[in-house]
Amino acid sequence: MKTYKSVKGIGVYLILSIAIIYNILLMFLIYYVDSYELFILLNVTLIAINVYQFYYIIICATLKYSVDEDNLYIISMLKFKNGKIPFADIEMYQKSTGHIKGVKVSGYGKNKFAIGRSFIHKIGITHMFITSTQNVIYLKTGTVSYALSPENFHEFEIELNKRNIVYSEWENKLNKVSNLNKRQKFFIPIIITAIIIIILTFNPIMLYLCGSLPDKMPLSFQPDFSAVKFGTGRQFAFKQMTYGLLNMGVLFCMYYAGYIYSKYDEKTSYKFLYIALVVSVFFLAMQIKILYTFR
């Protein structure tokens, strides 16, 4: 089995720099925020961002490709993004240098490196495993392509030629945007999120109108969940209604982001709806906790 390291580009340094900036900004906000909801949300965001950055740093730093008689293996430490491509499935290949001409649909990077999925001009949906755009090779397998950036580029090309994989150009066009609302993966999270937002928005209003809210309710909290400002039940209800309207805006934006991205990669378009779902669940959980504690 032969192994080809991926070209060492700027990916690791760029991701690390972005991670440092995010950490400084979020820790500054966490230190000065006086809202319990925002404190929790910012801490969860900080953890998620650091896990995300660490994941792609490991891939960029350790990515390599191995070949045996039958398969091409994409390998990174801790088995992040590992993959196996049978040579029998590879129909042809193309070569490229310079900036990536395409649209990132998931993952990290764009012009100088890319790990994830992108829609590449004329090539189509591509699994990106490139740490530098100095020399990129695209492999076509059915409706999906792969992009690699081996150090010994010409030797790697010879390995492909030995297996009767030839250089040839192909062109995959954008998908037509289908009616996603009829698809369960798209429709179900929209309905669930909408129901949660309705509960988040109208539950405190109904409690107030029915006289089930105390005359005095907390409006803001310190990070330890101790109330620092109180108001009337009416004020509390309308503040929670504002959170509901905010979540409606998030759902609206995520819906159209998913609709737009569906022409590049339908599978990726679903993730936007789950972002809206997670945010709405978070705000509803905070509302339930407040009502349970102070009613």
With every protein chain in place, the chain: carbon and sulfur % of accessible area (1.4 Å): 63
Projected label distance in nm at residue 3 and residue 230, using a 7 Å step from Cα toward the beta-carbon: 6.6
The chain - mean residue ellipticity at 222 nm from DSSP helices (-39,500 (n - 2.57) per run, n ≥ 4, rounded to 500): -17000 deg cm²/dmol
Hypothetical label at residue 44: residues of the stretch 183-197 whose amide nitrogen lies under 19 Å (7 Å Cα-Cβ projection): 189-197
Exceeding the 24 Å Cα-Cα cut-off - candidates 84/140; 64/110; 81/104; 5/162: none
Contact order normalised by residue count of the stretch 163-269, Cα under 8 Å, 6+ apart, percent: 28
Length gained when the stretch residue 122-residue 170 is fully extended (0.36 nm per residue, less Cα-Cα span): 16.6 nm
Helix axis angle, 153-162 relative to the chain longest principal axis, alpha carbon, degrees: 70
Radius, Kirkwood style, for the chain when every pair of distinct Cα atoms is counted (Å): 22.2
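Once you keep just the Cα pairs under 8 angstrom separated by 6 or more residues, what percentage relative contact order results for the stretch 218-295? Please report the intermediate quantities before stating the final value.
Working: 52 pairs, mean separation 16.5, N = 78.
Dividing the mean separation by the residue count of the stretch 218-295 yields 21 percent.
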Label point distance in nm, residue 25-residue 293, each placed 7 Å from Cα along Cα→Cβ: 2.9
Residues of the stretch 3-46 with amide N under 15 Å of the 7 Å Cα→Cβ point at residue 54: 16, 19-20, 23, 44-46
Whole-Hz couplings from phi, Karplus 6.51/-1.76/1.60, listed for the stretch 3-8; x for Gly and Pro: 10, 10, 6, 7, 4, 7
Largest-first ellipsoid semi-axes for the stretch 1-69, taking √(5λ) over the Cα gyration tensor eigenvalues, angstrom: 37, 12, 4
Long-range HN-HN contacts of residue 72 with modeled amide H, under 5 Å: 85, 87
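Using 0.36 nm per residue of separation minus the Cα-Cα distance, give me the extension gain between residue 158 and residue 10 in nm, one decimal. Before the final figure, lay out the partial values.
Details: separation 148, 0.36 × 148 = 53.28 nm, distance 2.69 nm.
Roughly 50.6 nm would be gained on extension.
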Geometric extent, Cα atoms of the stretch 124-259 - Rg, Dmax (angstrom): 27.1, 80
Whole-number accessible area per residue in Å² for the chain, which is evaluated in the context of all protein chains at 1.4 Å: 54
Dipole moment magnitude, nearest 20 debye, the stretch 203-295 about Cα centre, only Lys, Arg, Asp, Glu C-beta charged: 140
Aspartates and glutamates whose Cα lies under 16 Å from that of residue 263, excluding same-chain neighbours fewer than 8 positions away: 171
All lysines inside 23 Å of residue 289 as judged from Cα atoms, apart from same-chain residues fewer than 8 positions distant: 216, 229, 239
Cα-projected label distance for residue 84 with residue 267, points at 7 Å along beta-carbon direction, nm: 1.8
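Can you tell me, using C-alpha contacts under 8 Å and at least 6 residues apart, the relative contact order of the chain as a whole percent? Please report the intermediate quantities before stating the final value.
Numbers: 488 pairs, mean separation 47.4, N = 295.
Answer for the chain is 16 percent.
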Anchor residue 173: aspartates and glutamates whose Cα lies under 15 Å away (excluding residues fewer than 8 positions away in-chain): 265, 266
Charge dipole of the stretch 148-295 about the Cα centre (unit charges at C-beta), most positive-ward option of 154, 255, 238: 238
Accessible surface of residue 39 - all protein chains present, 1.4 Å probe, nearest 10 Å²: 50
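The values are calculated or read from the model by the stated rules, or taken from the named source; none is laboratory data. Just so you know, these numbers come straight off a predicted model, no measurement behind them. Note that we place each Cβ from the backbone using ideal geometry, even for glycine, and neighbour counts take in every protein chain shown. Areas reflect the complete protein model, heavy atoms only, side chains present, ligands, DNA and RNA absent. Shrake-Rupley method; radii C 1.70, N 1.55, O 1.52, S 1.80 Å.
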